[in-house]
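None of the figures in this text is laboratory data; all of them are computed from the coordinates on show. Because the structure is a prediction, the values reported are computed rather than measured. As a convention, Cβ positions derive from the backbone with ideal geometry for all residues, glycine included, and neighbour counts pool all protein chains shown.
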Amino acid sequence: RDSITDIFYEKHLGELIDVIILSCPSDEADQSTSNLARNAGKVESQNSAKPEILSSICELLCFCVLHHPYRIKCNFILNNVIEKVLLLTRRREKYLVVAAVRFVRTILTSHDEHLINHIVKNNLLKPVIGAFVANGNRYNVLNSAILELFEYIRKENMKLLVKYIVDSFWNQLVKFENLASIHSLKIKYEQCLENCGTKMDVNAPDPRKRIDERALEKEEEDYFNEDSDEDDTTSASHPRKVQPQPVSSNGLEANRSSLRYFHGLIQ
């Protein structure tokens, strides 16, 4: 089983991603053929796969994310797989755009910091926001899928993504602020900023506190110096008297006996 999985990731995953790339219009093609798309109702190349196949590839990728998170993470980051799958947001079939959004939603369930940083660093949610704005006020599956993505990011407290979305795309999203999910996302963003500000205030040293501490230390130092000076003055003005050592009576009698003995010998 492991050998089959290894073969799939080494040789065939890239082929599936190539199918998606070849089936999606580029930016230039999208612009130059916009009139054709409006008339013919499609923008497809000769090598384009059927929409059903593209949808199945997305489902397979979601399965890989859920069941092989460690294997898929390195492959996604090294080969920019997320960006390539999100090319499906350029397709005219709304369910393929929804499939791409659900793919991102599945990735976020892993709460993998490396993948989240990769998304933010490479601005990978730009096509998702673009699809949401282009959909306008139409209430459909695409609208629901992207709003559910925003709700998941907010409820799971993914602060980096919240900040990234509001900082990068609020000018586009502000006209949808009447929607509960968008409004709640903005409130979450403001809460994140407040919490960050509070932590910075707590960790930052208070200069007034440091001044008070220094003043207290100086006061204590002066107090002990004054005590020391007073002790020195007292010692100088009242010199200590040397007490004579007491001599025991036994010792005195012994000295007298010794003197009498030597005096007798001399005589």
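Data table
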quantity	calculated
Order by protection proxy (mean Cβ within 10 Å, highest first), peptides 135-143, 181-189	181-189, 135-143
Estimated FRET transfer efficiency when R0 is 25 angstrom, pair residue 92-residue 60 (beta carbons, to 0.05)	0.65
Segment residue 152-residue 5, extension gain: residue separation times 0.36 nm, minus the distance between their alpha carbons	49.9 nm
Listed peptides 81-87, 6-12 by packing density, highest first (mean Cβ within 10 Å)	81-87, 6-12
Label-to-label distance, nm, for residues given as residue 178 and residue 111 (7 Å Cα→Cβ offset)	3.7
Sites residue 22 and residue 170 - FRET efficiency at Förster radius 25 Å, r taken between beta-carbons, to 0.05	0.10
R0 of 51 Å, Cβ-Cβ distance residue 190-residue 80: FRET efficiency to nearest 0.05	0.95
